[in-house]
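Undergrad: Take this structure, written in structure tokens, and hold onto it; I'll ask about it next.
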């Protein structure tokens, strides 16, 4: 289990996410479709969780100007600085709790 201090983004904030550096990682938001890294000028780690907070997908160092489709089982996308997944030894099946 990993406890993460992250800012929850509302719908309008989630559209921008980490674009232009307005938000500082980590941030999380509800998403079932996908995310993009347009106008994010550095690689980020993305952690996809289901409704129970279980990690179902990990993407390390997603480069700028990419699109990531999440899938129907996804519920929350957590965007973090690059190396967050490696530093915290996260793996699929781990539980994440936000504070």
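Undergrad: Taking every pair of distinct Cα atoms and averaging 1/r, then inverting, what Kirkwood hydrodynamic radius in Å comes out for the stretch 48-89?
TA: The Cα-based Kirkwood calculation yields 11.2 Å.
Undergrad: Based on the mean of other beta carbon atoms within 10 Å per residue, what is the order of 40-50, 26-36, 87-97, 58-68, most packed first?
TA: 40-50, 26-36, 58-68, 87-97
Undergrad: Compute the Rg/Rh shape ratio of the stretch 2-98: radius of gyration over Kirkwood radius, all on alpha-carbon atoms.
TA: In the stretch 2-98, Rg relative to Rh is 0.91.
Undergrad: Moving to a separate point now. I need to check one value: relative contact order of the chain, counting alpha carbon pairs closer than 8 Å and at least 6 residues apart, in percent.
TA: 35
Readers should treat all values here as calculations from the given coordinates under stated rules, not as data from a laboratory. Predicted model only: the values in this text are computed from it and were never measured. Positions of Cβ are backbone-derived with ideal geometry, glycine not excepted, and every protein chain shown enters the neighbour counts.
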